[in-house]
Amino acid sequence: SSIIIPSVSSERRTYIPMGFLSDDTVISNLALAVYDAEPWHLSVLSSKMHMCWVRSIGGYLGTSIRYSISVCYNTFPFPNISKQRKEELTQCALSIIDERLKHSEKTMAQLYDPEYMPEGLKEAHRQNDLAVERCYRLKPFDSDEERLEYLFKLYEQMIAKEKEQGTLFESTKKKRK
């Protein structure tokens, strides 16, 4: 399966609506894909941490958020996590999907409109945000500024390590599909 990510999303949204697609689905040029994805990947990509990163380093089309695999996805600093953490994130992703299914009569645009987002979906995302943040540290972040500061420090460490290993550009090439 793959995760589908719209290449452009409304700046009003707290989260970019993403989802799973089966192998037999063709993705148009208006969306991006992460192939061979596991449910915990959706959890990370649907988190406040990732959204802070995307809003900071991703581009914009007018005022709408523009997502890029090479800029937003490949550069996102995420620590190595245990099998237990992956299972926790998987459960969070499944909770988000379950909440969406409870409102199957609504489109993703309706579900992710900040004024009309169902309370159950908001809570599933809130729990997901806390679980993703625990992958970075035990204490929750107090603000988006604090999240970004932490992410940029990790990014600097990631780049320094890749330079030291001589793999700075190789890792970007490997992640692209």
>> Exactly one condition in (1) more than 21 Å from residue 95 (Cβ to Cβ); (2) open to solvent by 70 Å² or more (accessible area, probe 1.4 Å); (3) part of a helix (DSSP H, G or I) is false for residue 122; which is it?
In response: (1)
> Do you know which residues across the range 134-143 are assigned to a helix (DSSP H, G or I) and either within 18 Å of residue 39 (Cβ to Cβ) or open to solvent by 70 Å² or more (accessible area, probe 1.4 Å) (or both)?
Replying inline: 134, 135
>> For the range 95-118, which positions are out of contact with any Pro (no Cβ under 6 Å at 6 or more places or on another chain) and open to solvent by less than 70 Å² (accessible area, probe 1.4 Å)?
In response: 95, 96, 97, 99, 100, 109, 111, 113, 114, 117, 118
>> Going through 54, 26, 44 one at a time, which residue ends up being open to solvent by less than 30 Å² (accessible area, probe 1.4 Å) and farther than 15 Å from residue 9 by Cα?
In response: 44
> Which of (1) of a type outside the set (Lys, Arg); (2) open to solvent by 40 Å² or more (accessible area, probe 1.4 Å); (3) touching a strand residue (DSSP E or B) at 6+ places or on another chain (Cβ under 8 Å) does residue 34 not meet, given it meets every other one?
Replying inline: (2)
> Since residue 61 meets every condition but one in (1) farther than 21 Å from residue 124 by Cβ; (2) hydrophobic (A, V, I, L, M, F, W, C); (3) crowded, with 16+ Cβ neighbours inside 10 Å, which condition does it not meet?
Replying inline: (3)
> Restricting the first residue to the range 73-91 and requiring it to be over 25 Å from residue 58 (Cβ atoms) and in contact (Cβ under 8 Å) with a residue 40 or more places away in the chain, which pairs with a second residue that is open to solvent by less than 40 Å² (accessible area, probe 1.4 Å) and not in a helix (DSSP H, G or I) meet a Cβ separation below 7 Å and a spacing of at least six or different chains?
Replying inline: none
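The values are calculated or read from the model by the stated rules, or taken from the named source; none is laboratory data. Worth saying up front: this structure is predicted, and the values here are computed from it rather than measured. Note that we place each Cβ from the backbone using ideal geometry, even for glycine, and neighbour counts take in every protein chain shown. To get the accessible areas, we keep the full protein, side chains included, count just its heavy atoms, and leave off ligands, DNA and RNA. Shrake-Rupley method; radii C 1.70, N 1.55, O 1.52, S 1.80 Å.
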